[in-house]
1. Within the stretch 61-93, count every residue that is closer than 20 Å to Val49 by Cα and touching a residue at least 60 places away in the same chain (Cβ under 8 Å).
2. Before we move on, is Gly44 without any contact (Cβ under 8 Å) to a residue 12 or more places away in the chain and over 13 Å from Gly93 (Cβ atoms)?
3. Count, please, the residues in the stretch 52-72 that happen to be assigned to a strand (DSSP E or B) and of a type in the set (A, V, I, L, M, F, W, C).
4. Quick check: is even one residue across the stretch 27-41 at pLDDT below 85 and exposed (fewer than 10 other Cβ atoms within 10 Å of the Cβ)?
5. Can you pull out the residues in the stretch 73-93 that are of a type outside the set (D, E, K, R), in a loop (DSSP other than H, G, I, E, B) and touching a strand residue (DSSP E or B) at 6+ places or on another chain (Cβ under 9 Å)?
6. How about the stretch 65-77: which of its residues are closer than 13 Å to Glu32 by Cα and surrounded by 13 or more Cβ atoms within 10 Å (Cβ to Cβ)?
Amino acid sequence: MKPFLALALPLALMACVAPGIDPVPINPVPLEQCNAAALQGLVGQPGSVLNGMRFSIDVRVIQPGMAVTMDFMPNRLNIWLGTGNVIERVTCG
């Protein structure tokens, strides 16, 4: 019975993680590092405005419910889309 408990405890703890919570880096990167500060005007705009834009750095467009990797790249621009395809956040990472 003890091996069962040893396996069940980690599984039970994993079930306590709330879905949909975005990982936040321990040391957030300033928005200037990936030019996100200059792009804050995109927040509230439809995601379609990104179609004609060109970026000179890595960009990740994150849609609701989309699986994303946990790798943190401070020079990467993250554009978070919300429901209705509206840009909710522009961050580095």
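1. Looking only at the stretch 61-93, we keep the residues that are closer than 20 Å to Val49 by Cα, and these are 61-64, 66, 76-92.
Now drop any that are not touching a residue at least 60 places away in the same chain (Cβ under 8 Å), which leaves 91-92.
Of the residues in the stretch 61-93, 2 are closer than 20 Å to Val49 by Cα and touching a residue at least 60 places away in the same chain (Cβ under 8 Å).
2. Values: without any contact (Cβ under 8 Å) to a residue 12 or more places away in the chain: no; over 13 Å from Gly93 (Cβ atoms): yes.
No; evaluated as a whole, the condition is false for this residue.
3. Applying the first criterion (assigned to a strand (DSSP E or B)) to the stretch 52-72 yields 59-62.
Now restrict to residues that are of a type in the set (A, V, I, L, M, F, W, C): 59, 61-62.
So the count comes out to 3.
4. Scanning the stretch 27-41, I find at least one residue that is at pLDDT below 85 and exposed (fewer than 10 other Cβ atoms within 10 Å of the Cβ), so the answer is yes.
5. Of the stretch 73-93, the ones of a type outside the set (D, E, K, R) are 73-75, 77-87, 90-93.
After this cut, where a residue has to be in a loop (DSSP other than H, G, I, E, B) as well, the list is 73-75, 82-85, 93.
Within the stretch 73-93, Met73, Pro74, Asn75, Gly82, Gly84, Asn85, Gly93 qualify.
6. Let us first name the residues in the stretch 65-77 that are closer than 13 Å to Glu32 by Cα, namely 74-77.
Hits for the stretch 65-77 are Pro74, Arg76, Leu77.
The values are calculated or read from the model by the stated rules, or taken from the named source; none is laboratory data. As the structure is a computational prediction, the values presented were derived from the model and not from experiment. Don't worry about glycine lacking a Cβ; one is built from the backbone with ideal geometry, like all the others, and counts go over all protein chains shown.
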